[in-house]
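Here is the structure we will look at, set down as C-alpha cells.
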Amino acid sequence: MDKSKQNVLGVIPARGGSKRLPRKNIKMICGKPLIAYTINAAKKSKTLNDFIVSTEDLEILNIAKKFNAPTPFLRPPELSTDRVRNIDVVEHALKFMENENNTIYDIIVLLQPTCPIRDPEHIDQAVTALIESDLDTVVSVKGPFKKRDPILKAIRNDVLVDYCQVDDPSNAEPFFLYNASIYAVKREYFKIHKKLISPRQIPLIMDSFHSVDIDTEADFILAEAYMNYMHQNKKG
C-alpha cells in the first residue's frame with residue numbers, strides 16, 4: 001500500500017427501523033438529530049476523501065442533506081430490512097461510490113451514527129494507524145478495565161463465577177470492549193473476506209465519554225448527560 005496516496009471512504013449507516021429506541025438515528029439530542037454529530041465528525045476529518053450516509057429512509061435522507069451530508073441514493077429494498085448487516089451496507093456503498101467517482105478506495109471507515117461523542121481526531125487516528133500498519137483492520141475500543149478481582153462474570157448453574165479462570169486475581173490481565181464507534185478496513189481485505197474485523201486488529205482506545213453507543217433509552221440519557229457535561233466543561 002502506497003502510504004503517500006490513500007483514498008479513504010467513510011460510510012454512515014442509518015436505518016430507519018430501530019426497535020429498542022424507535023427512530024433513534026434522528027432523535028433530537030442536545031439540540032440536533034443524533035446523526036448530525038457523526039456527519040459533522042466526518043466532515044471535519046482530515047483523512048476521509050469522501051463520505052456518505054446510506055439509508056433506506058426518506059426522512060433520514062432529508063435530515064442528512066440538511067447537515068450537508070452526501071446522500072447519493074436510497075438503499076434498495078433488499079438492503080432495507082432489520083436483518084441486513086453492516087457488511088452488506090458497506091459493500092453496496094463502496095461499489096456505488098467507486099462506480100460513481102471512477103476511483104478505487106484503499107480504506108473504508110464505518111461510522112455508526114449511534115456514537116455522537118466520537119471526535120474527528122479519532123477517525124484520523126484510525127486511518128493513520130491503518131495506513132502505517134501491516135494489519136488489515138482498526139477497531140475502536142473502550143478500556144482498559146482492570147480490578148484486583150476479575151470483573152467479567154458468568155452465571156453457570158445459577159452461580160456467579162469468573163467468566164475466565166484467573167490463577168492470580170491480583171494480577172488479572174486488563175481487558176477492552178468494542179465501543180461500536182469506528183471500524184476501518186483495507187479494501188483488499190474487505191473484498192476478499194467480506195469482513196470489517198480481521199483476526200488481529202489495531203486497537204483505537206477511546207475513553208468512556210467518547211465511547212458512548214446509543215441503543216436504548218438508558219444509553220440516550222447517559223449520552224445526553226455526557227454531552228452536556230463536556231459542553232459545560234469546555235465553557236469553563
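Can you name the number of the only condition in (1) among the hydrophobic types (A, V, I, L, M, F, W, C); (2) touching a strand residue (DSSP E or B) at 6+ places or on another chain (Cβ under 8 Å); (3) farther than 21 Å from K186 by Cβ; (4) surrounded by 12 or more Cβ atoms within 10 Å (Cβ to Cβ) that I117 fails?
Failed condition: (2).
From the list L79, L110, exactly one residue is among the aliphatic types (A, V, I, L, M) and either within 17 Å of K24 (Cα to Cα) or free of Cβ contacts under 8 Å to residues at least 60 places away in the same chain (or both). Which is it? Talk me through it step by step, then tell me what you get.
Working: L110 fails: either within 17 Å of K24 (Cα to Cα) or free of Cβ contacts under 8 Å to residues at least 60 places away in the same chain (or both).
Of L79, L110, the one residue that is among the aliphatic types (A, V, I, L, M) and either within 17 Å of K24 (Cα to Cα) or free of Cβ contacts under 8 Å to residues at least 60 places away in the same chain (or both) is L79.
So which of I12, I35, I39, I63 ends up being in contact (Cβ under 8 Å) with a residue 12 or more places away in the chain and not in a helix (DSSP H, G or I)?
I12
Could you list all residues from segment 197-214 that are part of a loop (DSSP other than H, G, I, E, B), within 18 Å of E132 (Cα to Cα) and among the aliphatic types (A, V, I, L, M)?
I197
For (1) at pLDDT 95 or above; (2) of a type in the set (A, V, I, L, M, F, W, C), each residue gets a yes or a no:
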site: P22; (1), (2): no, no
site: T55; (1), (2): yes, no
site: A69; (1), (2): yes, yes
site: R83; (1), (2): no, no
site: T103; (1), (2): yes, no
site: T114; (1), (2): yes, no
site: D119; (1), (2): yes, no
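Any idea which residue in segment 168-207 is surrounded by the most Cβ atoms within 10 Å (Cβ to Cβ), counting only those that are polar (S, T, N, Q) and within 16 Å of the chain's Cα centre (by Cα)? Full working, then the answer.
Step one: of segment 168-207, the residues polar (S, T, N, Q) are 170-171, 179, 181, 198, 201.
Narrowing the set further to residues that are within 16 Å of the chain's Cα centre (by Cα) leaves 179, 181, 198, 201.
Values: N179: 23, S181: 29, S198: 17, Q201: 20.
For segment 168-207, the residue satisfying everything is S181.
The values are calculated or read from the model by the stated rules, or taken from the named source; none is laboratory data. Since the model is a prediction, treat every value here as computed from it, not as a measurement. As a convention, Cβ positions derive from the backbone with ideal geometry for all residues, glycine included, and neighbour counts pool all protein chains shown.
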